[in-house]
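Some notes on the structure that comes next.
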Ligand code: SP5
Ligand code: ZN
């Protein structure tokens, strides 16, 4: 299986993040991609190729143009305001505040276009996020050109980012952009299976009213875990998309054995839906030693995950999402890909 990756994706290198009431060292760091690259080379998974540079158009198919523009110009505005360190939002237009004001202040804009304070924005974030989206788009194009599988080594990740907001370490929704690209260039039915530990709220919200992109997600129960406000079992789509979203929220402490029934059900949905392509939002944060997560996968379970996904028998694009246990990240990621390749 070929991997797509650009070193431009390393340029987003946050120093700190806000979590548990503290400023802590950031966990979504360039070393994640470097660990995966090292494992891919070591285990000779296949060629590692550069993404093509796509125009902004496929991003605008998923994200609001003003949101993309905000990210593009953010650092200039931020530094013009006299700030020099990475940015965190701290105020949001929640219920009772005005939704109809066109804020111009950079602190207002940060709140307008974000969902949390845990996602630092730096001087190279836009370039890196664009490259990450290009990596996913290149993978999508490879499926259209007849590849049976590909691995988009996306970073920064994407599945928490929505139409006009960033959050959860995500800026552009790489998997959603790839899915929409597949739809725009000839496929009729695309499925996204999100196996990141966290619910893929951005992806779900982008396709919630559509039957042409099936969204399936297995994740930690949002009553106990980020993103708290989406990912419950009663969310099954709306309007024309009714029945085309499925969620399997699982308790903290879930191990492979407890995970399997949900995975089997998700695979049955794929069987019924018969997608022309499958996009796997591949988080590796179900791992037992993940520093911010609460599931109990061991490294071999990721082989089993890859093997099970291969049995679905559909052209598959793996799009990397989360996973923060740096030392094991390469092993766990390549385990999925090797399990899939057989
Ligand atoms: C792509 C992805 O996996 N994003 C995850 C975003 C999670 N952000 C919230 C982090 C909260 C960390 N809480 C840690 C509790 C353990 N001490
Ligand atoms: Zn995650």
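For residue 221, are the conditions met, namely being touching a strand residue (DSSP E or B) at 6+ places or on another chain (Cβ under 8 Å), under 23 Å from residue 295 (Cβ atoms) and within 16 Å of ligand 1 (Cβ to nearest atom)?
Here the answer is yes, as residue 221 does meet what is asked.
Out of curiosity, is residue 217 under 16 Å from residue 283 (Cα atoms) and crowded, with 19+ Cβ neighbours inside 10 Å?
Yes: the conditions hold for residue 217.
Might you let me know whether region 93-102 holds any residue that is modelled with pLDDT of 95 or more, in contact with a helix residue (DSSP H, G or I) (Cβ under 8 Å, 6 or more places away or on another chain) and outside any helix (DSSP H, G or I)?
yes
Scanning for something assigned to a helix (DSSP H, G or I) and more than 16 Å from ligand 2 (Cβ to nearest atom), does region 281-298 turn up at least one residue?
No, region 281-298 contains no residue that is assigned to a helix (DSSP H, G or I) and more than 16 Å from ligand 2 (Cβ to nearest atom).
Can you tell me which residue among 252, 309 is within 21 Å of the chain's Cα centre (by Cα) and more than 16 Å from ligand 2 (Cβ to nearest atom)?
After ruling out the rest, the residue left standing is 309.
Which one of 246, 268 is under 30 Å from residue 183 (Cα atoms) and either touching a strand residue (DSSP E or B) at 6+ places or on another chain (Cβ under 8 Å) or crowded, with 23+ Cβ neighbours inside 10 Å (or both)?
The unique qualifying residue is 246.
Of the numbered conditions (1) touching a helix residue (DSSP H, G or I) at 6+ places or on another chain (Cβ under 8 Å); (2) in a helix (DSSP H, G or I); (3) closer than 20 Å to residue 12 by Cα, residue 73 fails exactly one; give the number of that condition.
(1)
I need every pair where a residue in region 315-330 that is without any contact (Cβ under 8 Å) to a residue 60 or more places away in the chain has its Cβ under 9 Å from the Cβ of a residue that is away from ligand 2 (no atom under 13 Å from the Cβ) and not in a helix (DSSP H, G or I), sequence separation at least 6 or different chains.
Final answer for the pair search is 325/288; 325/289; 328/289.
Name every residue in region 159-179 that is surrounded by 24 or more Cβ atoms within 10 Å (Cβ to Cβ) and away from ligand 1 (no atom under 14 Å from the Cβ), in order of residue number.
177, 178, 179 - these are the residues of region 159-179 that are surrounded by 24 or more Cβ atoms within 10 Å (Cβ to Cβ) and away from ligand 1 (no atom under 14 Å from the Cβ).
Report, by residue number, each residue of region 307-342 that is over 15 Å from residue 218 (Cα atoms), touching a strand residue (DSSP E or B) at 6+ places or on another chain (Cβ under 9 Å) and in a helix (DSSP H, G or I).
Matches in region 307-342: 310, 312, 328, 329, 332, 333, 336, 337, 340, 341.
The values are calculated or read from the model by the stated rules, or taken from the named source; none is laboratory data. The model shown is predicted, which means the values in this text are computed figures rather than measured ones. Every residue, glycine among them, receives a Cβ derived from its backbone with ideal geometry; neighbour counts consider all protein chains shown.
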